[in-house]
Each structure stands twice: as structure tokens, then as C-alpha cells.
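Okay, structure first, notes after.
Please treat every number below as a calculation from the coordinates, not as lab data. These numbers were taken from a predicted model, which means no experiment stands behind them. All Cβ positions, even for glycine, are placed from backbone atoms using ideal geometry, and neighbour counts span all protein chains on display.
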Amino acid sequence: MKKPNLGQAGFITLDFVIAFVLVFTFTVLLFAITLTFSAVEIAQYMTFAAARSYYAANISEAEQLNQGQAKFAELQNANYIKPLFHGGWYSLTNFTIQNFNSEFPAQNDTKIFIGARVLFSADVLNFQVPFFGSTNSKETFSANISSYLTREPSSDECTQFNTQRVQKIKQVYSNGPIGDLGSGYYLITDNGC
Amino acid sequence: MMRLASNANGQMTIEMVLLVVALFGVMAGVSQYMNSSGYFKNFVERPADRMRGMIESGVWMPSATAKTYHPNLFNRRQTTSVDPSLDQEDR
């Protein structure tokens, strides 16, 4: 008697291959999106650290800017961060520290949007899905990640302000009842303001 | 009289072939639909602008609109005196 052929294992394999592509794609996509949010948080911290270094008072505004840029470069080149933004999945470009106030609606305080900003791009979200198309859109997902902490006045600015202030006081009192203050008083300032 | 074949081995094979054809058909249809409608492209692209709004300005809105709701634009007030309507325990 001929033995019947009971081998049907290949059929479920075919079914599995088709379903696997879809399931695997969604898994990769969700992984990429959640990892992107984590990378955004890290980039956010980097801009915050740079803005904080820029914020703290120093000799001059140029030195405050140097401190901010140096902090960002230090974090960007740190061993524990560098692979994340240099591996092709994510990138950070156009790092700047300046006043971004003009990009926002008019407000009373014109210096509240001073801080650090970097352009974050997520190339990991662009990939080809077998049989089902591509996630590539017109442009790579990107966002400006910023931290606005403003800036403390520098020592130079404070000294300049106090010098001008003393000059004004001298002018006001020069014709007053106590006479000319020009020669008897000297400007003494501490480390700034 | 002609004897009818009682062997049913081929029937399963034909059914398998039909199922495979149907399965490939469904797959081709789904594949064509997803390609033409840009399903995965929309999956990433559609929420991108709102995500950008949250990342840049902390608000779930399109990025251009979100800028007008940035928390730095809130009017903040402070007082140097205690609200007299509060009880002593609340102060």
C-alpha cells in the first residue's frame, strides 16, 4: 500500500513569511520612533547644558559664548553620546547660541528666547519595507531643539554699566548743594553686578 | 462498467494550490494598496509636524502654530503680599 504524503509544513512557512514582514516592519517602526524620542531627550539635555554654560556670568559675552559652545562640543564628542549622533541614524547640525526672539510673537520682554539651538535629524525613520513600500517622505524628519535660559550680564557689561552710572551721578550732583564730586571719588566694583 | 477512481490524494494538492494562489492574491492586493496609498510613508510623515511642535515648543500642535503657545510667552505674575482671603493654615 502506498504511504500517503502528509508533509504540509511548507504551507504554514509561506503564511509565516508574509505575516512576518508586516509584523517585523511595525516592530522596527515603533522601535525607531521610540528611540527617536529618546535621542531627542538626549539632544535636549545637550542644548540645555550648553545654554546653562552660556547663561552663567563670565568676563565678557564672548567668553560666555565660548563656554556654551565648548560644553556642547564636549558632550557631542563624549564617548557615551558620540556613537548615537555619528552612526547615521541621527545627526545634530547647525548648533547656534543667539537671540531667537524675532521668530516668536511680539512680547514685552525681548530677551526671553536667548539660548542654544541645534537641528536634530532622524534618518532612521527612512527605510524600505519589502513588498509594502517605503517610509521615506519628502524630507527627513527634523526639528529644532532649543533651550532658552537667557544670559546673565558679563563682568565687562556690569563694569561698563556702573561706570556710566557714576558719570551720571556726578553730572547730577555737580551743580548741587554738595558741589563737584569729580575729584574726590573713585569707582570701586566687585566681580560684576 | 467503468470503475470510478477512489483515490483522493490529488484533491488536497489542488486545494493547497488554490489556497496559495488566494494567499498570493491577497498579499499582492494589500501590497499594491499600501504602495499606492503610501501607508508607511503616512505613518511616519503625518504626525511629524505635531511631533515637531511638541519637541520645539512643548505643545501638541503643528510647529508653526505651536510657536505662539510656547511656555516662555505665558504672562507670569508674582506678589509680595499674602492673599488675605487665605486662612492662616493655608499660608
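For the range A:103-176 and the range A:27-54, what is the centre-to-centre distance using only Cα atoms, to the nearest Å?
Centre-to-centre (Cα) distance: 18 Å.
Which of the peptides B:41-49, A:74-82 is most tightly packed, and how do the rest follow, going by the mean number of other Cβ atoms within 10 Å of each residue?
The peptides rank, most packed first, as B:41-49, A:74-82.
Among the listed pairs A:Lys111/B:Lys41; A:Lys111/A:Lys138; A:Lys71/B:Lys67; A:Lys71/A:Lys168; A:Lys71/A:Lys138; A:Lys71/A:Lys111, give every one whose C-alpha distance is greater than 31 Å.
From the list (A:Lys111/B:Lys41; A:Lys111/A:Lys138; A:Lys71/B:Lys67; A:Lys71/A:Lys168; A:Lys71/A:Lys138; A:Lys71/A:Lys111), the Cα-Cα distance tops 31 Å for A:Lys111/B:Lys41; A:Lys111/A:Lys138; A:Lys71/A:Lys168; A:Lys71/A:Lys138.
Using a simple spin-label model with points 7 Å from Cα along the Cα→Cβ vector, what separation in nm is obtained for A:Leu35 and A:Glu74?
Roughly 2.9 nm, to one decimal.
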